[in-house]
Amino acid sequence: MLTRTQSASPDTQPHMSLKVYINGRLVDKDDAKVSVYDHGLLYGDGVFEGLRSYGGRVFRLERHLDRLYESARAIWLEIPIKPAELAKAVNDTLRANALEDAYIRLVVTRGAGSLGLDPNRTSDPQVIIITDKITLYPAELYERGLEIVTASTIRNHPAALSPRIKSLNYLNNILAKIEGLQAGCIEALMLNTKGEVAECTGDNIFLVRDGVLLTPPLDAGILEGITRDAVIELAHEAGVEVREIPLTKHDVYVADECFLTGTAAEVIPVVKVDGRSIGPGVPGPLTRDLRERFHKLARS
Ligand code: PMP
């Protein structure tokens, strides 16, 4: 492992400020600013994406851009540049910051407007790309597995605000996250209004039962995770049956294995839910196998 002095990452070079892309320009981090009248700030009116690059290559960039433009379309927000231009901007921003393994945040806000809700009074959506070093969950959590709890905060009803829209309004998830943190857990499970398992605050959930991989379907009211999709593909390749079916807390408690997927976490085992050990209480073999397969895929 590189020590701090050996590393070429930006935070070891105090003279080099991180560059942030904002509306076609790369500016110093401290100069990347939006108006206090921006409806992204005033109302959470906007969309975002979280991506990762491995060795300078962005994992499933096109898919993330598709999801961003779909989220924008769903909230009547027109992103002022084409996906190809945004893709180029992401790569340019990574290069400007000499980042190879990075976390990338794309944000598109509704833009500055009046103090009323009316989006017609806004102008100039702000397109922002922030790239930074990735902060992973501690390595030992991947070995030991996570403990999570079920939050009392129910995932947004899809007819109120579809969880498939990755909007700047993440309060639903934040409230559940706080409940998790108060219970000493870094992730929390969220149910939908039917009492079925939906997803975690920033990750999708999978179970293993009798060698079959189970995960809630999209109509359980979840984000269509890009890591989730990749893991389903990898499971198929490995000859593992995958079922996208409604799941209850009971299914979680009696599962043989449980793991979460997300851009930041990749594949992370869960060994305890609401105080109950899952299977033997250690990361299971299929979880480990899929984690390894995903690790390879992302870095290939
Ligand atoms: N669900 C929610 C609510 C999320 O915020 C995320 C992270 N973006 C995920 C699931 C995982 O999605 P992905 O694999 O695309 O990061």
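The values are calculated or read from the model by the stated rules, or taken from the named source; none is laboratory data. Here the structure is a predicted model, which is why all the values come from computation and not from measurement. Every residue, glycine as well, gets a Cβ built from its backbone with ideal geometry; the counts of neighbours run over all protein chains shown.
For region 186-211, the candidate set comprises residues that are closer than 21 Å to Arg276 by Cα and surrounded by fewer than 21 Cβ atoms within 10 Å (Cβ to Cβ); within that set, the residue that is farthest from the ligand (Cβ to nearest atom) is Asp210.
Might you let me know whether region 267-290 holds any residue that is under 16 Å from Leu141 (Cβ atoms), assigned by TED's automatic domain parsing to the domain that holds Gly195, among the acidic types (Asp, Glu) and touching a Phe, Trp or Tyr at 6+ places or on another chain (Cβ under 8 Å)? The answer is no; no qualifying residue exists. Remark: pairs (first residue in region 219-244, under 19 Å from Glu62 (Cα atoms); second residue within 15 Å of the ligand (Cβ to nearest atom) and part of a loop (DSSP other than H, G, I, E, B); Cβ separation under 7 Å; 6+ apart in sequence or on different chains) = Leu223/Pro163; Leu223/Arg164; Leu223/Lys166; Glu224/Arg164; Ile226/Arg60; Ile226/Thr263; Thr227/Thr263. Close Cβ contacts (under 6 Å, 6 or more residues apart or on different chains) running from residues in region 21-44 that are free of Cβ contacts under 8 Å to residues at least 12 places away in the same chain to residues that are of a type outside the set (Val, Ile, Thr) comprise Asp28/Ser17.
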